[in-house]
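Presented below is the structure to which this report refers.
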């Protein structure tokens with residue numbers, strides 16, 4: 001057959017030509033005679049059945065069977081019909097599956113071709129001319145990925161803004177809940193809404209302070225002045241803790257594989273404590289001590305008291321000390337954490353359309369100050385503005401901050417008490433001696449009568465003879481314990497100062513009424529100064545409430561009916577906390593297992609009750625030991641098979657646990673050991 005005789009499908013339709021449309025023959029058959037093959041198959045199967053029947057039945061029965069027609073033709077037709085049905089179903093199924101695979105393959109190839117933004121011929125030509133390292137599209141692809149990534153980020157940020165604004169509209173949040181989402185609410189140290197002094201009806205001032213602890217920071221922050229020795233010891237401590245955690249994970253896996261009970265939270269803690277001696281000890285002077293197993297004692301002595309800078313007079317690039325410091329500096333451990341926080345807050349402000357005209361980065365002091373406007377005069381500033389102050393505190397700084405706070409609090413008490421005394425002296429001197437002005441005058445006038453008529457009969461002491469413990473300004477303060485001394489709230493002292501300021505203003509108003517002598521003007525000016533400064537002091541954060549870590553202090557002024565800066569800053573804070581903080585992690589909650597509440601003696605962990613009688617009887621021998629243990633009433637032994645039961649599905653459980661987050665890994669492992677309890681829940 002010549003090439004001209006080959007049918008060009010699908011333009012040819014014929015029932016017999018190979019591979020034509022509608023043809024029962026295919027070129028893949030290589031011109032085999034399908035009809036003869038089918039006839040041979042059917043003939044053989046029919047003869048086999050007839051031979052089998054003829055050998056089993058008597059002759060007279062065979063003659064009766066063949067009365068109505070040839071039995072061979074009936075069998076032949078029966079086999080032919082069933083064979084054609086089965087073959088047609090098989091062909092249809094095969095063709096459908098093949099079409100699906102071919103269609104998917106073509107779609108993938110077309111997608112690959114369409115996804116290329118360079119014609120294939122041009123790309124091949126460039127590769128052939130320049131090789132793999134020239135004329136490649138790698139950089140263009142990276143640019144495209146970056147563009148799509150930024151686009152996706154903008155879209156996601158817009159969706160987050162829309163979600164937050166929608167939630168605030170639905171909940172009508174105008175208080176603290178409008179700022180921080182629930183998972184970060186614990187980090188708030190102080191949040192205060194108050195009316196603006198200049199425009200109290202239309203503008204509100206908001207103070208928000210967020211404290212991110214050292215343990216919650218994704219990238220740890222160190223002070224610039226910290227020694228190289230401290231940095232290396234911190235790295236060694238983290239290495240030790242990570243090694244201990246890996247050992248604990250191995251112990252957990254071994255106990256699960258052995259079908260034993262899992263370690264409780266307390267046992268895990270004590271096991272970790274017992275492992276510490278395997279990695280370090282307190283023998284500082286011994287060079288063979290375990291604490292020097294990673295870095296030798298001689299190297300640690302070389303970097304003793306070595307800080308961020310080395311005196312140029314003693315600098316030698318070939319010294320061991322300088323090279324050790326260079327290794328630490330190259331890794332940028334000292335500055336990495338604080339620089340990451342700065343980059344995070346500034347980039348979020350930029351992308352959130354929260355521009356700023358003033359920024360001061362005190363790198364060595366670990367402090368950042370951002371203001372929307374450079375001017376600090378409130379009279380020249382708009383009603384929508386913000387200021388962000390971010391600072392890292394260690395424990396030594398907080399101790400000094402608390403000392404200064406104590407002194408300032410004591411100074412306010414002294415100044416307010418001094419003005420109180422001056423006002424009291426003037427009040428007493430200006431009182432007319434011939435008439436009653438207040439309750440003290442009335443009590444003094446009737447003192448003798450009370451003594452003679454009432455106290456003489458009852459024998460009780462006079463009011464003046466009783467020790468006065470209540471100052472009538474604030475309630476009696478309870479005695480301090482160690483908790484109050486270490487964490488001073490100053491709530492009692494602040495309330496007392498506030499009440500004194502209010503009472504002094506009322507007393508001056510009652511003394512002078514509409515008269516304004518020089519004494520009143522001087523005292524009112526002094527009172528206004530003390531009140532203004534005290535309110536500013538009260539607006540500050542109490543350092544006793546701060547723990548070592550990153551402190552973000554935000555001051556916002558926003559129009560009440562607009563709240564533009566307020567809503568935008570809420571999105572900035574949530575995104576910043578998500579990028580800088582790991583968040584609060586409750587280890588007990590993360591490792592909590594439902595097995596403890598679901599494995600009970602009253603749960604029959606058997607599937608035999610759902611089977612039929614015959615199937616249940618057949619399954620009984622295989623699980624007889626398990627049922628006997630359950631019916632014995634011993635809860636301790638009854639739970640042992642339940643731990644071993646799910647071992648068959650352990651691989652799938654491990655895959656699911658590996659794909660989940662680390663805190664959920666423990667829960668997934670415990671679910672493996674939960675046995676019938678978990679199956680019962682499902």
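Extending 7 Å from the Cα toward the beta-carbon at both residue 541 and residue 293 defines two label points whose distance is 4.0 nm. Could you state the number of Å between the C-alpha centres of segment 194-211 and segment 497-516? Computed from Cα coordinates, the inter-centre distance equals 26 Å.
Subtracting the Cα-Cα distance of residue 16 and residue 578 from 0.36 nm times their residue separation leaves 195.2 nm of extension gain.
Full extension of the chain segment joining residue 465 with residue 564 gains 29.4 nm, where the gain is 0.36 nm per residue of separation less the Cα-Cα distance. When the alpha carbon gyration tensor of segment 324-409 is reduced to an equivalent ellipsoid, the three semi-axes, largest first, read 28, 23, 9 Å. Using the Cβ-Cβ distance between residue 310 and residue 358 with R0 set to 35 Å, the FRET efficiency works out to roughly 0.55.
Sorted on the mean count of surrounding Cβ atoms within 10 Å across their residues, most packed first, peptides 498-507, 401-410, 446-455 read 498-507, 401-410, 446-455. Fraction of C-alpha pairs exceeding 24 angstrom in segment 405-547: 50 percent, rounded to a whole number.
Extension gain for residue 343 to residue 477 (0.36 nm times residue separation, less C-alpha to C-alpha distance): 43.6 nm. Entry note, segment 227-367: relative contact order of 25 percent, from Cα contacts under 8 Å with a spacing of 6+ residues.
Assuming R0 = 22 Å, can you tell me the calculated FRET efficiency for the pair residue 502 and residue 525, based on Cβ-Cβ distance, to the nearest 0.05? Efficiency, from the Cβ-Cβ distance: 0.80. Based on Cα contacts under 8 Å between residues 6+ apart, segment 405-547 shows a relative contact order of 40 percent. Taking label points 7 Å from Cα along the Cα-to-Cβ direction, residue 60 and residue 43 give a separation of 3.5 nm.
Label positions at residue 486 and residue 509, each projected 7 Å from the Cα along the C-beta direction, are separated by 4.5 nm. Suppose R0 equals 41 Å; then what is the FRET efficiency for residue 152 and residue 188 from their Cβ-Cβ distance, rounded to the nearest 0.05? Between residue 152 and residue 188 the formula returns 0.85.
No lab work stands behind these numbers, since they all come straight from the coordinates. Keep in mind that this is a model prediction, so the values were computed, not measured. Glycine also receives a Cβ, built like all others from the backbone with ideal geometry; neighbour counts cover every protein chain displayed.
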